[in-house]
Amino acid sequence: TGADRDATAPFHTDAAADDDDDEHLDLHAFLADRRRRVDAALAEALPAPVDDPGSLKEGMRCAVLQGGKRMRPMITIATCEAAAGATDLALPACCALVIDAYSLVHDDLPAMDNDLERRGLPTAMSVGEANAILIGDALLTLAFGVLARGAAGLLASGVLVEIPANVRDMSARGDLSR
């Protein structure tokens, strides 16, 4: 039954919900599992807040890890998995969401919206305007570094070669016209 299935498993078979016993996606479990993986990858990609006298690293972590902005990573992962790619290969692109955090940090500056709170939490402005500018700039730079490392992983995995071959095979079978 639905009650005794593993809540972390994104696919399950539930005879009551599907008479054919076909596998179907448990969207809630899929999103929860992938969100945990994205959050862990983000935490790993961000610098640890040690030797941080200006609170730059701590500010970067707060701007990214306080929540929000997770739908794009879910779509990125689902797209990667649909093309037979491993979730881990999509995580660097998911971590590029720090670009969103960068834009929000800069948007909160006095010259823009001058916001001291976002979603009820203090913005990077809590460490001062100059540090907030540096936090945003560091996040933008970090995004390109994460993407560059991820691209190297994609090339090494062969996924960038497999995807065009998969599309060619699907096209030959007529799967793309459905």
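Here, each number is a calculation from the coordinates, and none is a lab measurement. Source: prediction; values computed, not measured. When we count neighbours, we look across all protein chains shown, and the Cβ atoms used for this are built from the backbone with ideal geometry, even at glycine.
Residues whose amide H lies under 5 Å from that of Arg118, counting only those 5 or more places away or on a different chain, are Thr123; hydrogens are built 1.01 Å from N in the peptide plane. Could you state the number of Å between the C-alpha centres of region 88-154 and region 29-46? Using only Cα atoms, the two centres lie 17 Å from each other.
Extension gain for Arg173 to Met112 (0.36 nm times residue separation, less C-alpha to C-alpha distance): 16.7 nm.
Counting 0.36 nm for each residue step from Asp51 to Leu147 and taking away their Cα separation leaves a gain of 32.0 nm. Summing Lys and Arg as +1 and Asp and Glu as -1 over all other residues whose Cβ lies under 14 Å from the Cβ of Ala143 gives a net charge of +1.
Please state the shape class of region 51-131: rounded when a/c is under 1.5, otherwise prolate if a/b exceeds b/c and oblate if not, all from the C-alpha gyration tensor. It comes out prolate by the Cα gyration axes. Note on Ala32 and Ala82: their simple-model spin labels are 2.4 nm apart, each label 7 Å out from Cα toward Cβ.
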